[in-house]
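Note sheet for the following structure.
The values are calculated or read from the model by the stated rules, or taken from the named source; none is laboratory data. It should be emphasised that the depicted structure is a prediction, and the values quoted were computed from it without experimental measurement. Neighbour counts are summed over all protein chains in view; Cβ atoms, including those assigned to glycine, are modelled from backbone coordinates with ideal geometry. The accessibility values were calculated without ligands, DNA or RNA, using every heavy atom of the protein model including side chains. Shrake-Rupley method; radii C 1.70, N 1.55, O 1.52, S 1.80 Å.
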Amino acid sequence: MKHIWLHIIKRGDWPRFAGGVFITVLLLVIVYYGRQAIVANAHPPIRLIVHAFSTQEEVLSQGILPAFEKAWEVQTGRDLEIDAVFSPSGTLAGQINLGAPADIALFSNAHHVNWLKFGRMVRRETQPSIIGYTPMVIVTRQGNPHDINSYADLTQPNLRLLHADPRSSGAGEWSLLAEYGSALLETSDPGIAKTQLQAIWDNVRLLGHSARATLTLFELGAGDALITYEQDARLAQERGVPLEVIVPPRTIIAQHVAVIVDDNITRGERPIVQAFMDYLLSDAGQQVFSHYHMRPATDVYEGFPPMKKPFTVEDLGGWSHAYTELVDTFWREEIEPCLDLDPSPMLITPGE
């Protein structure tokens, strides 16, 4: 071999030899990476699009989505790309009906699934899955200076309340049901319940586009109290926000749901979509939700504060009845026109 190298050098063929080696190596590299590209194109990453209401951003972005992505890739060997969109629950339903490409939607309540059925984005026979529960609670300043312990206490004079907007926010709708239902189930008198609801709204000074936007206004110093999900209030405490969380003795339990958007997925996409739905309800998925303060769908609330007299939307006749009677009729016709709101500080952009 040494003699061959000396012969090439002596003859002056070194440039030609080196050029040949370079071309050979280059061809091998091109063939290798070309093959890799062909293989990659034969199995491109799978894409999953998830739309979820605003308060689920942390649990999905930090917990559920990366955990499912890792489990899927280990199980199938296929790359998975998940895109997530977060917005108020009612706003999401409207966006999906207008063409937003969601494969799966997580809503704060099942009524927003009905909106997708009306828009023919979800089949009539498709049933949403409850992914977890969280009671509605009252958030006050540290030390609870106004001594608020129940929804009736929100009627006291000179109280400045923040409220999620029922026109866009599922939390706003759940709060209405809590304010009304707590009095109705205590007295069995719809008149007394509506009087309490009206008196609470007489104290509302600012509306937030979503539960998260309303809580952010509170963090920035607006208002004395607000009603929100226990889950989001506990997450705020973990972030170091100075506040008190009051669980009223009689409060409604919000039921959060997930649904497959049938009109947006093909037959080939359904396996990955169904696998994600199954993961949300699996022990692994439920543990992640619990870590982020959502009570599990199994109704076993170990490690969560007890509730004295909880109730559900079914105690108010179900979502269709409650929405029509309280939100679409009484609130819109009797309360909304008389709202005395402060000028909005414009601290939150719509959709946060």
Describe numerically, in nm with one decimal, the distance between label points set 7 Å from Cα along Cα→Cβ at Gln142 and at Arg267. 6.1
For region 261-327, projected area of the alpha-carbon convex hull averaged over all directions, nm²: 7.2
State, to one decimal in nm², a quarter of the convex hull surface area for the C-alpha atoms of region 132-243, i.e. the direction-averaged projected area. 6.9
Please report, to two decimal places, log10 I(q)/I(0) for region 201-284 at q = 0.12, 0.21, 0.24 Å⁻¹ as given by the Debye formula with identical point scatterers on the Cα atoms and no solvent. -0.58, -1.02, -1.19
Cα gyration tensor of region 184-335 diagonalised, 5x eigenvalues square-rooted, in angstrom largest first, produces semi-axes 30, 22, 18
With all protein chains present, how much of the accessible area of region 128-247 (probe radius 1.4 Å) comes from carbon and sulfur, to the nearest whole percent? 46
Quick one: in region 56-171, what % of C-alpha pairs are over 25 Å apart? 45
